[in-house]
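The values are calculated or read from the model by the stated rules, or taken from the named source; none is laboratory data. The model shown is predicted, which means the values in this text are computed figures rather than measured ones. Every residue, glycine as well, gets a Cβ built from its backbone with ideal geometry; the counts of neighbours run over all protein chains shown. With ligands, DNA and RNA removed, areas are computed over all heavy atoms of the protein, side chains included. Shrake-Rupley method; radii C 1.70, N 1.55, O 1.52, S 1.80 Å.
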Amino acid sequence: MLQEIGRIITAIAALLVAMAGRVWRGMQWLVRHALAARVVTANGVPRLGRLLDLAALSVAADLLFLAELWRRGSPVGSGWASLFGALAAVAICGALYFTQRSLIRLTWAALTILRVIALAVLALAPPVFLVGGGSGSSKFFGALAVAVLVAMLLVDRFSWVLTMRSLLAPTTRGRFVAGTLSYVAYTMPWAIGLALIALMIGGLWPLTIAEVLLVAVAIIVLTLPGPTVDDEPRPPVVKQPTRKSLPTQPVAPQQPIAPTEILPPVGAHPGDAEAEGYSVYRPSTLDD
């Protein structure tokens, strides 16, 4: 009997070790492909690769937030709060679209800090106050935190798109977005594993880790390069009317004038021409 129990325990331990080894090798495979996608997409420019890191860190923070909501339960009035947050996000995104491209980084960082504050409010609010019972102020702050988080989740994606448009030429944006999606897909299993570990530990760990990730997002946003592509509409250039010139008649080509031939005087013979410069006196009978 003891031998059978020992064999079962040994088989279970060997299975767990084999599964852990396969999971570790799978994670290494994900890391290699994530790094390859990052390098190829960013073309070896480190500061441009930070855009991919921002997308991955933001997705990890969202997964931790959703995992904590699943563990605690949705706050009272979270449905209306989510709708209000979505409408607020539309208004904020419209304001960001007409903001100068050089100020988007500062605005994005400030909104990320606001997101961190909303997570702190949600973390410090007791679960019993969020689900039911307790004071009305706790329910209000819990619903307000959910509204802010939903709004900032949408605004974060829109800010990423605006920053990407200000750094990349139109011909390379599609390839960059596809590479970013691949990078996020390779890093998402790590984020899911981190969320599961935080849930198993319990306490404030999921939201605390999410706040740390969002603080890193705010810092990376401030280190992004300035806008290099100007997509803002410019006023059309008005061309001044050009004056029409009068039609000119073509001038007929002049025929070359032949040199005039000097003819000898009338009654003279060609042999009578004297040499130029002197004359020869010839006596004649008319001299008498």
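Annotations
- The lone exception for residue 211 - which of (1) over 17 Å from residue 34 (Cβ atoms); (2) under 12 Å from the mean Cα position of the chain (by Cα); (3) touching a residue at least 12 places away in the same chain (Cβ under 8 Å) it fails: (2)
- Neighbours by Cβ (under 6 Å, 6+ apart or cross-chain): first from region 187-201, more than 25 Å from residue 37 (Cβ to Cβ); second in a helix (DSSP H, G or I) and among the aromatic types (Phe, Trp, Tyr): 198/205
- Here region 40-71 is the region considered, the condition is being part of a helix (DSSP H, G or I), of a type outside the set (A, V, I, L, M) and open to solvent by 40 Å² or more (accessible area, probe 1.4 Å), and the residue that is modelled with the lowest pLDDT is 46.
- Test result for residue 224, under 13 Å from residue 54 (Cα atoms) and modelled with pLDDT under 90: yes
- Selection within region 93-118 - open to solvent by 40 Å² or more (accessible area, probe 1.4 Å) and assigned to a helix (DSSP H, G or I): 95, 97, 102, 103, 105, 106, 107, 110, 113, 114, 117
- The number of residues in region 72-81 that are surrounded by fewer than 18 Cβ atoms within 10 Å (Cβ to Cβ) and of a type outside the set (A, V, I, L, M, F, W, C) comes to 4.
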